[in-house]
Amino acid sequence: MAAVGFDLYSRLLADAVEARKASMEGRAPIVEAPQAVVDLPVEAHLPDEYVPDEAQKLELYRRLARARSAGDLAAFRQEVLDRYGPMPDPVTRLIEVAELRMAAEAAGVASISREEGWLVVRFGASLTRSAAMRLLGDGGLPGVKPSDVTFASNQVRLRLPTNPLKGWTLTRAVVERLSAAT
């Protein structure tokens, strides 16, 4: 799981389970629309001290990966609070990453990652380069100069600040800006 990232691992696992079930039931697999992939170096997980049972932890990760609405996330948050108590920072961040993923999907983003000091946002089918340039190219992002933003045909790259918290704030601001177009 560490080699491919949690989002991709969850998707591959869900696809394999659906393909097997469909084969056993003699039907075509149900293919869901692809989710945005969020691959960011943030401390976002369910700590062993918080959720000690591995099976419960995997089920919670699955539920979070399947979340498609703010209501799904609110229900997840409430269940976790009820079962395990106040959430430590990595759990709060895990839910924030899920919120970011859903907002990115709605904005037409295919993936968000950090690569060698850059935030890389790859466009999905519904987000064009011209729309991204209109929304992000004006230099109004926190801590980003216009020279720190480069556009390619299917992506935008933004130089990340060295402070991880500022990097997270920038990532959220980018998705928020792209969401403004939807």
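The values are calculated or read from the model by the stated rules, or taken from the named source; none is laboratory data. In this text the structure is predicted, and so the values were computed from the model without any measurement. A quick note on method: Cβ atoms are made from the backbone with ideal geometry, for glycine too, and the neighbour counts reach across all protein chains shown. To get the accessible areas, we keep the full protein, side chains included, count just its heavy atoms, and leave off ligands, DNA and RNA. Shrake-Rupley method; radii C 1.70, N 1.55, O 1.52, S 1.80 Å.
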Q. The stretch 72-111: Rg/Rh from Cα coordinates, Kirkwood Rh?
A. 1.08
**Q.** Evaluated at q = 0.13, 0.19 Å⁻¹: base-10 log I(q)/I(0), Debye formula over Cα of the chain
**A.** -0.73, -1.30
Q) Within straight cross-link reach of residue 21, meaning Cα distance under 25 Å, which lysines are found once same-chain residues fewer than 8 apart are removed? A) 57
(Q) I'd like the orientation of helix 164-179 relative to the chain: the angle between its Cα long axis and the longest Cα principal axis, in ° from 0 to 90, rounded to 10. (A) 90 degrees
Q: State in Å² the accessible area per residue of the chain; use a 1.4 Å probe, count heavy atoms of protein chains only, and round to the nearest integer.
A: 56 Å²
Q: Return the Rg/Rh value of the stretch 23-97, two decimal places, where both radii are evaluated on C-alpha atoms and Rh is the Kirkwood radius.
A: 1.04
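Quote the Stokes-Einstein diffusion coefficient, in whole µm² s⁻¹, for the stretch 46-144, based on the Kirkwood radius over alpha carbon pairs, a temperature of 25 °C and a viscosity of 0.890 mPa s. All intermediate terms of the calculation are to be shown ahead of the outcome.
Numbers: Rh = 15.6 Å.
The Stokes-Einstein estimate is 157 µm²/s.
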Q | Net dipole in debye of the chain [+1 Lys, Arg Cβ; -1 Asp, Glu Cβ; about Cα centre; nearest 20] | A | 660 debye
